[in-house]
Amino acid sequence: MQKTLMVGLNEKDMGAVVRTYNLHDFYYPTLFPLKETKRLDWKMLEAIAGLHIAADLVARGATINRKTREAISKIQGDIPKIAIAREMTEDELTEYDIAVAMASNDADLKALVETWANDTQFCWTGIASRIEWIALKQISLGKVTFTAQNNANVVSEYNVDYEIPAAQKVGVNTAYTGGIAGKPFTVDIPNAMSLAKSLHLNPKFLFMNVDSFNTFARQEEVYKRCATVAQNLMGTQDRPNLQKVNAYLADNKELFKGLQIRLIDQEITIEHKDGSRVSGNPFEDNVMLFSESDVLGKTYWKTPIDAKKTESPALKVMHGHTLIKKFSEEEPVMEVTQGITNAFPAWNLAGRSILMQIDQTSWTK
């Protein structure tokens with residue numbers, strides 16, 4: 001490992017650029033707020049029952065009855081190391097040297113900064129993208145599994161199954177993908193709410209991805225019930241947008257209990273070892289998640305050991321949960337940029353959630 005080959009670059013300047021990066025394009029910091037931990041594992045306590053137990057009226061001087069403590073289960077797992085690297089090859093470094101020699105004004109200098117800043121931004125975004133993938137995949141399936149198809153290395157020790165009871169993973173009365181005869185308003189959502197009530201759950205949010213919402217909104221009873229009287233009379237109903245659907249749910253609070261839809265509009269790209277790429281929304285298609293809260297857990301993270309100040313010639317900047325490193329190698333000559341974190345978004349509301357598959361009459365995923 002050698003010092004960076006970027007002319008004039010130091011930790012202060014790199015830090016000034018890296019600390020402008022944010023997580024605005026990602027859902028996980030809101031769904032799973034960041035929480036630093038000192039350990040490389042995560043543990044959370046989850047209340048199994050959310051009953052509102054009423055106090056008793058007690059005669060003065062009488063003994064107060066003790067109530068049964070809620071059942072508590074522990075959800076735990078290990079925090080994985082998440083890392084990404086990008087290289088500038090010898091040819092790219094030669095082009096950079098030529099650009100340095102030609103730099104004579106502010107515009108040229110800006111271009112030099114962008115050369116290395118593109119790689120630090122790439123690594124920052126790569127770390128956030130993997131955490132996002134984990135978060136959205138697990139809340140739409142109840143589990144997350146790492147395979148050769150979704151991760152460069154198979155790391156099965158980090159697989160997590162939240163073991164959501166089978167009774168809380170359901171299908172619909174009529175599949176929405178077979179046409180427009182689905183019954184989300186009159187059958188499926190009311191059934192889910194009834195199930196929730198029997199389990200002492202109180203869902204307030206319904207998560208789905210954008211494609212699933214489009215399928216949902218194409219169902220005849222959805223676009224008719226969200227249309228105006230005039231539109232229905234004239235037969236000019238159109239697929240309603242999110243605002244109209246949520247307005248309908250809010251107007252029928254006695255049936256839907258204040259339920260509101262939250263859309264997940266995201267695309268993450270997974271690059272395989274052979275360089276091929278697959279892009280898509282990590283939140284599974286044709287799945288709806290009923291949740292009591294729009295905050296689902298916490299993203300536990302620990303500062304990487306690489307961040308320690310050592311005699312290493314690498315430039316290091318710690319920004320939030322992510323370490324950005326830059327250094328060079330002599331043989332073969334290359335400039336290396338790395339992003340590193342220890343992080344995992346842990347879902348503590350899994351056992352108090354209901355998953356519904358809208359393309360099947362029972363859960364098959």
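Remarks
- Residue that is farthest from F207 (Cα to Cα), among those in segment 1-43 that are open to solvent by 70 Å² or more (accessible area, probe 1.4 Å), out of contact with any Phe, Trp or Tyr (no Cβ under 8 Å at 6 or more places or on another chain) and polar (S, T, N, Q): T20
- Scanning segment 180-218 for residues that are farther than 15 Å from D285 by Cα, open to solvent by less than 10 Å² (accessible area, probe 1.4 Å) and not in a helix (DSSP H, G or I) returns G182, P203.
- Segment 168-192 residues that are under 26 Å from G351 (Cα atoms), paired with ones that are open to solvent by 10 Å² or more (accessible area, probe 1.4 Å) and aromatic (F, W, Y) (beta carbon under 8 Å, 6 or more apart): K169/W363; V170/W363; G171/W363; F185/Y248
- Tally of residues being open to solvent by 40 Å² or more (accessible area, probe 1.4 Å) and either in contact with a strand residue (DSSP E or B) (Cβ under 6 Å, 6 or more places away or on another chain) or at pLDDT below 95 (or both) across segment 166-176: 1
- Whichever residue in segment 253-279 is assigned to a loop (DSSP other than H, G, I, E, B), touching a residue at least 24 places away in the same chain (Cβ under 8 Å) and open to solvent by 40 Å² or more (accessible area, probe 1.4 Å) and, among such residues, is farthest from S293 (Cα to Cα): K273
The values are calculated or read from the model by the stated rules, or taken from the named source; none is laboratory data. The shown structure was predicted, so the numbers you read here are calculated from the model rather than taken from an experiment. Positions of Cβ are backbone-derived with ideal geometry, glycine not excepted, and every protein chain shown enters the neighbour counts. Accessible surface areas use protein heavy atoms only, side chains included; no ligands, DNA or RNA. Shrake-Rupley method; radii C 1.70, N 1.55, O 1.52, S 1.80 Å.
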